[in-house]
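Trainee: Handing you this structure, nothing more for now.
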Amino acid sequence: MATLIVGARCKDGVVLIADRRQAMPQTFELSMSTSKLVTVGSVVMGYSGNRARLDKVRRLLATRLQGINSLDAALDLAESVATEVQESYKELLGQEPLQFPLAGLERLTSGNAHLYSILAGFAPEEVHYGGWGIGERYSELGKLFFDAEQPADEVSKVLPLLVALAERINLAIGDGLNVVIVRDEVGPRFLQNDETQVLLEKARNLVNDLKGIAGGYLLRA
């Protein structure tokens, strides 16, 4: 499944965005629109890779997170589960690395928000700004617009620009946008469909404007 996920630690929390198109890279068939950002207990997990493997990770995490009350413990558990699931799918998918973002509050229900990258077989790595899946390629562009001192509400309006750009270049990206803000001391809130649609339309309009401005400038040069 091709995926664009980008996440950032902001002034007052963490923002994660993702496209919604589910595409199978072996056949390039496009199927249903689906959320690639999900809550598992009190944390947010991103689907960046084979959906069957990540579904299994989510199910195991949901069961084993019970009784855990710190993000550090949840991260260790996520890495352990990721390694377990990667091993169980090794014959089917070879050594394709299992990697995904995970965000949550320090004490799961309170504290500051943090963003981590989970990679099977390795210690969780804290990320202040980064991308997963195809998003890893496009996240570098976001550095032109992203400011870590901006509030999460503002960053949630900036990052959708990456989806608007990527969907013009890669057919595996599209079908809308998911945005979640994990605010310090508050926790995760998913923006509603009408909110994300407005953000994505504004981003698409900006891409059109930039294309027109660049084309006109180059023709006059």
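FYI, it's all coordinate maths here, none of it is from the lab. Please read these numbers as outputs of a predicted model, since none were measured by experiment. Methodologically, a virtual Cβ is constructed for each residue, glycine included, from the backbone with ideal geometry; neighbour enumeration extends over all protein chains shown.
Trainee: If I take R0 = 30 Å and measure r between the Cβ atoms of residue 106 and residue 83 in this structure, what FRET efficiency does the formula 1/(1 + (r/R0)^6) give, to the nearest 0.05?
Mentor: Numbers: r = 24 Å, r/R0 = 0.79.
After rounding to 0.05, the efficiency reads 0.80.
Trainee: Cα atoms only, region 126-189: Rg and Dmax in Å?
Mentor: 12.4, 38
Trainee: For every helix of n ≥ 4 consecutive DSSP H residues, a contribution of -39,500 (n - 2.57) applies; sum these over the chain, divide by its total residues, and give [θ] at 222 nm rounded to the nearest 500 deg cm²/dmol. Intermediate values should be presented prior to the final figure.
Mentor: Details: 7 runs with 89 residues, N = 221.
Computed ellipticity for the chain at 222 nm equals -12500 deg cm²/dmol.
Trainee: Further, regarding this structure: Hey, in the GNM for the chain with a 10 angstrom Cα cutoff, which one of 88, 42, 139 fluctuates hardest?
Mentor: Maximum among the listed residues: 88.
Trainee: Let me ask another. Let me understand the chain better: what is its radius of gyration from the alpha carbons, and its Dmax, in angstrom?
Mentor: When restricted to Cα atoms, the chain yields Rg and Dmax of 17.6, 65 Å.
Trainee: Are there GluC sites (Glu not before Pro) in region 114-221 that DSSP puts in a loop and that have at most 14 other Cβ atoms within 10 Å, and which ones?
Mentor: On the way: sites: 125, 126, 136, 140, 149, 154, 167, 185, 195, 201; in loops: 149, 185.
Within region 114-221, the qualifying GluC sites (Glu not before Pro) (loop, at most 14 other Cβ atoms within 10 Å) are 149, 185.
Trainee: Let me ask something else. Hey, what did region 4-220 get for relative contact order, percent, Cα under 8 Å, at least 6 apart?
Mentor: On the way: 423 pairs, mean separation 62.2, N = 217.
Averaging sequence separation for qualifying contacts and normalising by length gives 29 percent for region 4-220.
Trainee: Whole-Hz Karplus ³J(HN,Hα) for region 97-103, in order, using 6.51 cos²θ - 1.76 cosθ + 1.60 and θ = phi - 60°, x for Gly and Pro?
Mentor: Per residue, the Karplus-derived 3J(HN,Hα) values read x, 9, 9, 7, x, 9, 9 Hz.
Trainee: Separate question: Would you work out the relative contact order for region 35-155, in percent, from Cα pairs under 8 angstrom that are 6 or more residues apart? Please list the in-between numbers first.
Mentor: Details: 163 pairs, mean separation 27.5, N = 121.
Relative CO of region 35-155 lands at 23 percent.
Trainee: Given Cβ point charges of +1 (Lys, Arg) and -1 (Asp, Glu) and nothing else, what value in debye, to the nearest 20, does the dipole of region 4-220 about its Cα centre take? It would help to have the intermediate numbers written out before the result.
Mentor: On the way: 23 positive and 28 negative charges, 110 e Å.
Taking the Cα centre of region 4-220 as origin, the dipole is about 520 debye.
Trainee: Can I ask one more? Taking a temperature of 4 °C and a viscosity of 1.567 mPa s, what whole-number D in µm²/s does Stokes-Einstein yield for region 92-221 with Rh from Kirkwood over alpha carbon pairs? Don't jump to the answer; show the numbers that get you there.
Mentor: Numbers: Rh = 16.7 Å.
Value of D from the Cα-based Kirkwood radius: 77 µm²/s.
Trainee: Set the Förster radius R0 to 35 Å, insert the Cβ-Cβ distance between residue 69 and residue 147 as r into 1/(1 + (r/R0)^6), and round the FRET efficiency to 0.05. Provide the component values of the computation, followed by the final result.
Mentor: Values: r = 33 Å, r/R0 = 0.93.
Result of the calculation: an efficiency of 0.60.
Trainee: Mind putting a number on the dipole of region 98-200 about its Cα centre? Charges go on the C-beta only, +1 for Lys and Arg and -1 for Asp and Glu, and I need it in Debye to the nearest 20.
Mentor: 200 debye
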